[in-house]
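Comments concern the structure below.
The values are calculated or read from the model by the stated rules, or taken from the named source; none is laboratory data. In this text the structure is predicted, and so the values were computed from the model without any measurement. Positions of Cβ are backbone-derived with ideal geometry, glycine not excepted, and every protein chain shown enters the neighbour counts. For the accessible areas, the whole protein counts, side chains as well, though only heavy atoms, and no ligand, DNA or RNA atoms are used. Shrake-Rupley method; radii C 1.70, N 1.55, O 1.52, S 1.80 Å.
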Amino acid sequence: MSLSDSTIALIYLTRSSTMPPSPFYRQLRLGYDQFLLEQSNRFPSAETVRIDLHCHDHNSDRPDELYGRILNLPETWLKTKTLIKRLANQRCDLFTITNHNNARSCWKLLDKGIDVLPGAEFTCHFPDRQTSIHVLTYGFTPEQESHLNRLRHNIYHFAAYANEHYLPTVLPHPLYFYSLKHQPTLELLELFACLFERFEVLNGQRGYWQNGLTRHWIESLTEETIDAYGKKHGLNPFDFCRRPYQKRLTGGSDDHNGIFAGSCGTLVRIPDLERRLRQQKLSTLVLEGLREGELAPFGSVGEDEKLSVTFLDYFAQVTMTMDDPGLMRLLLFNAPTEDKLWCLAIGNAIFELRRHKYTMQFLRAFHHALHGKKPGKWLKWSVSRDYKPVLLQLEQLAKAERQQPEQFQLQLRQTLFQVHNDILQLMLHRIDKGAATPIDFSHLLSLSTEELGESLELPAHLRQLFTPTKSKRGSAGESQQPMANFNPAELVDQLSFPTLALSLLLGAFFTSSRVVHANRPFLNSLAEHLQQLQHPQRILWLTDTFDDKNGVSNSMQSLLKAIQHQNYPIDILVCHPTLQPQAHLLVVRPLTSVTASQLSEQQLHLPNLLEIQKLFEQQNYDRLLCSTELFMGPVALYLQRAFSVPAWFYMHTDWLDYLKYSTRLTHELRDRFRRILRLFYRQFDGIFVLNSDHKAWLASQDMGLKESQLHLTAHWLHPNFRQQVAATPLPTPYRHDPQSDHTPILIFVGRLSEEKGVLKIPSMMKHICRELPQAQIWFAGTGPAEAALQQLLPEPQARFFGWVDKSRLIELLLSADMMVMPSKFDTFGNVILEAFHCHLPVAAFNLKGPKEIIGQSGGGILADSSKELAQQIVAVLQDHDQLQQMRQAAYRRSLDYSEAPIMQQMLTAMGVSPPFSKSNLVEISST
C-alpha cells in the first residue's frame, strides 16, 4: 500500500523530531511506494504465488565479512523451523532458503518431504578486478551445487554455466557489492547488464534511495545499450541470459534473524495455477515462473531502523552464544594485523560484557521480544523500578509481533526510539544524582586546564594499567601516572546498565547507517548518470555556540542572516535549551547542560546524538561543516562515518595559542594537546582557516595536514551593520593639541579575560599617558578580568560600558580615536572589520588575524610588543594627518570583506554550486 504525505509525517513524528522531512525525502518515498503498489496489483490473485527469494538461516555459517571469519562467528543462529514459521506467518506460499554458498537447509527440508525451492546465495568474484558480488541461484541439484561452488571464483564461468543448465539467477542488492582498495566505477553496472536477466529491485535491508536507483537503472537499459556494453567489454549477453533484453524485477527480505523474513519478496505469476497444482509441485511451477514467467516485487522497504534492529539482535546473539575463537587461531589468521587486534579487543569486550547482569538481561529480553516472547514475570518482578519502562516497551513489541504483524514495523520503530530515550534519561538521572555513574562529567569540566592535560595520559608500561606504582620520590599513595590505577575489567564491572545498553543501541544505529551508505559516492555517480534521484547538495553546519557573547557566536549569527537572505543550501544546527528555531536554524534541546571552568565558565549543552542522526538522514544533507571542537566536533565525525559524507572543519580558534597565553601549562602538556588536536583535525576532509599564519602552521610538520586540505576564508560585515554606520553621522575630525581639552579615546571591544590580552592594557596606558595625559580607554564588554582592570585603571582614565548592542557599539566606535586589540591568539577579528568600517584605526600585534586584515592596508598599527604598540599609538595620535589617512585606509579595507565572494569560494571548496549568479556578486560586493 502506498504511503501518503500524512503517513510519512506520522512516521517521522514517531522519531522524536519536530521538523518535517525534506521534499526529497518525501518524494523519494512516495515515488517508490507508488511503484510497489503498481507492482503488487499486476497479477490476478488466483495466478500469483508469494515467495521470499532471499533469506538465511543457521547454515549461513561462513560470513563474507572479515571480522566474522576471524572471530569464527556464523552470520546467524536462526533455526530452520523458526524461519519457516515466520515465512508462513507472512503468507508466503512457497519457501526457499538462500544460505551462503550452500543449500543444506533446502536439502534437509526436501528429505523431510517439505516442498521447497532449492536455492543459495553464491559469492562470486570477477577475475579481472578486485570485486565480489552475491548471486542468488535456484533449481539446482546437489551435484550442480558442487560445480557452482567451483565456478564461483570466476563470475563469467559461473553465469555461463547457470544459463547453459537453465538455472535462474538473480543479482541481489545490485548497488551493494564487495570491493578491495578502491570503489568500482559505473562500468561494473555495464557488466551486470550483460551477465544478468533478473535483478533484486527491492531488498528489505536497503533504503529507498538504493532500491529506487536500482529500479531506475534497470528501466534505463535498452537493447541498444546492452549490445553496446557487450561490445565494449567483449561479452555476448546471450552466453549468460536466455532473454538478455527483458530484464525482470524481484524482491527479497535479505533476512538473517527471522525478524523480517517474508515482509518483502517476489510475486510469481503462474497461469492456470489451480489446475496445474493437481499435477505438479508448487516448487516446479515457481521454478518455471522464474525461468520464463512474469515477476514482481512486493513488500516494504528497509529503513535504517530495520537494519539497526538486525545488528542489535545479532550482537545480542553474539554476546549470548559466542565461543572463544582461540588466541593462536586469531593471531595466525591470514588477515591484516590491525584487523586481528580489533577482533581481539572486540572478543574480550564481549566476554567482559557477559559479566554484566542487567545488560545481558536486556539483550535476552530484546531478542525474545523480536520473536514474540514477552519478558517473563520473574524478570519484571526482580528488576529495579528504573528499568520497568524499558520492559514495558519490549512487552508491547512482543505483543505486536504475535497479534498485529502488520503493525510490527511501526511498533518496532516506536519501541526502538522510546527504549533509547528511556535508557538515556535514566543514565542522565543517575549522573545528576551521582549514583553509580562511570564518569562524573561535572567533575571533568571543573578541572583546571593543567589537571585535565595531565589526566589525558596512560602509562606506556602496561603493567601499570593494573598495578599502582609509587612516584619517583617513593612516597606511598602517589602514583607515577594519573591513570595508573586504571583496571579495564573493573571498569566494565562498574559501568551501569544504562551506559552499556546505550552504547549498544548507538553502535547498532551507527553500523546500520554505515552499511546502508557505505557506497554513497557510487550512488551519487549513478544518480548523476541517470539524471534521476540526484541527492540534493545540502550542508549541515554544526556549532556548540550560537547565542553566547563571543566572537564565534557573532560570526555564526552573521552567517545565518546571509544564509537566510541568499537561501544558501546550508542549515545551522545548535543545541540550546531556549533558543527558538527559524529558517535555516535548527535547534535541538540538550539532554543536560554543564559549565566548563576551562572556557571562562561557558555553558555547554549535551545533544541527543540519535536525534541529530535521524535529522541528518531525513533532511537529506550530504555534507558537514563544524565550527567547534567540543560536543559537536565528535558528533560531526560520527555523522561523517555513519553516512559516508565529506566533512569540513571551520577553525575559529587557535587552541594552542589560547593555552599558551591563558594557562600555565608546561610545554609538555601543551604538546599533548597539540597531538590530540592533530588527530582530531586530520579526520576531516578539509579545514577552513582565517589567516595565512594559521594555515602555514597546520601544514607544518607539527600538524602535518595536507596543503590541499586547507582553505583560506574570512568573515564579513553584515549589510545591516553597514547600513547602521551609514545612518550614524561621523564626528568632526580633530587635531591633537596638548593645550586643548580634547580627550584622546582608545577603545577595547570584546570579552574582558586574560586570554584576550586585556591585562596588558594598564601598562600600555601608563606609557601612553606620559605623552597624552588626558587619554582614556573605554571597555565595551564584560568578563572575569573586569574587576582587576577597574582596580588598575580607575575612572576617569577608564570607562566600562559592559556588553552593548550594535547601535550603541557603533556610537562608541565612531567616537573613539583608535581601537586596541592586545590579543595574541585571535584567528581573525570581526571587531577589526567593524572598527574599520567606522573609520576607526586598530592597533594590534603583528600576528594571525589582525596581521591578515590590517597588513599593508594602512588602516592600523602592527607591533611585536606592548611597548612598541604603545609608542606607535602615541605617534599616530599626535599626527593629525597620519590619523586621518589611517581612518580612510581603514574604511577602504573594510570594503574588501563582502559576503558573496567569500561564500562562493567556500561553497566551491566544498563542491557545492553557489545559488547566485555573477551579476549578483557585483551588486552585493559594491553594497
Once amide hydrogens are built 1.01 Å from N within the peptide plane, the residues lying 5 or more places from A798 or on another chain with amide H under 5 Å from its amide H are I777
Residues with amide H under 5 Å from that of R623, placed H, sequence gap 5 or more: R538, L540
Show which lysines lie in cross-link reach of K848 when reach means a straight Cα distance below 16 angstrom and same-chain residues fewer than eight apart are skipped. K660, K695, K756, K824
Any aspartates and glutamates whose Cα falls less than 18 Å from that of K806, other than same-chain ones fewer than 8 residues away, would be D547, D548, E834
Counting only protein heavy atoms and rolling a 1.4 Å probe, one gets per residue an accessible area for region 536-712 in Å² of 37 Å²
Output ³J(HN,Hα) for region 214-226: one whole-Hz value per residue in order, computed from phi by the Karplus curve 6.51 cos²θ - 1.76 cosθ + 1.60 with θ = phi - 60°, and x for Gly and Pro. 4, 4, 5, 5, 4, 5, 7, 6, 10, 4, 5, 5, 5
Sorted by mean Cβ packing within 10 Å, highest first, what order do the peptides 60-66, 187-193 take? 187-193, 60-66
Using a 1.4 Å probe on heavy atoms of the protein chains only, the accessible area for T222 in Å², nearest 10, reads 60 Å²
Can you pick out the pairs among K561/K614; K112/K281; K306/K388; K760/K867 whose Cα atoms lie more than 21 Å from each other? K561/K614; K306/K388
Provide the gained length on full extension for the span S22 to V804, in nm with one decimal, where the gain is 0.36 nm per separating residue minus the Cα-Cα distance. 277.6 nm
Along region 253-269, Karplus-curve 3J(HN,Hα) (6.51, -1.76, 1.60; θ = phi - 60°) to the nearest Hz, with x for Gly and Pro, reads 6, 6, 7, 10, 10, x, 8, 10, 4, x, 6, 8, x, 10, 9, 10, 8
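Among DSSP beta bridges whose residues both lie in the chain, state the antiparallel percentage, nearest 5.
35 percent
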If R0 = 51 Å, then Q183 and D864, at their Cβ-Cβ distance, give a FRET efficiency to the nearest 0.05 of 0.50
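Quick check on region 536-712: of the DSSP beta bridges with both residues there, what percent are antiparallel, nearest 5%?
20 percent
Would you rank S866, S553 by solvent-accessible area, highest first, keeping every protein chain in place and using a 1.4 Å probe?
S866, S553
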Calculating Rg and Dmax of the Cα atoms in Å from this structure picks out, from (i) 33.7, 108; (ii) 33.3, 121; (iii) 29.7, 104, entry (ii)
Q797/T728 FRET efficiency (R0 35 Å; Cβ-Cβ; nearest 0.05): 0.85
Per the helix-only model, the chain has a calculated mean residue ellipticity at 222 nm (DSSP H runs of ≥4, -39500 (n - 2.57) each, divided over all residues, rounded to the nearest 500) of -14500 deg cm²/dmol
Using packing as a proxy for protection, rank 814-822, 344-352 so that the peptide with the highest average count of other Cβ atoms within 10 Å comes first. 814-822, 344-352
The chain: angle of helix 357-370 to the longest principal axis, Cα-based, in degrees nearest 10: 50 degrees
Counting other Cβ atoms within 10 Å, which GluC sites (Glu not before Pro) in region 550-621 have at most 16 and lie in a DSSP loop? E601
Could you check how much of the accessible area of the chain is carbon and sulfur, as a whole percent, using a 1.4 Å probe? 52 percent
Amide H neighbours of L586 under 5 Å, counting only residues 5+ apart in sequence or on other chains, H built in-plane at 1.01 Å? I572, L573, V574
I'd like the Karplus ³J(HN,Hα) series for region 565-577: coefficients 6.51, -1.76, 1.60, θ = phi - 60°, whole numbers in Hz, and an x wherever there's a Gly or Pro. 5, 9, 6, 4, x, 9, 10, 9, 10, 9, 9, 7, x
Per residue, accessible area of region 730-883 with a 1.4 Å probe, heavy atoms of protein chains only, in Å², comes to 41 Å²
Based on the mean of other beta carbon atoms within 10 Å per residue, what is the order of 844-857, 679-692, most packed first? 844-857, 679-692
Per residue, how much accessible surface does region 21-302 expose to a 1.4 Å probe? Answer in Å², no decimals. 39 Å²
Round to the nearest 10 and give me the degree value, 0 to 90, for the angle of helix 337-353's Cα axis relative to the longest principal axis of the chain. 80 degrees
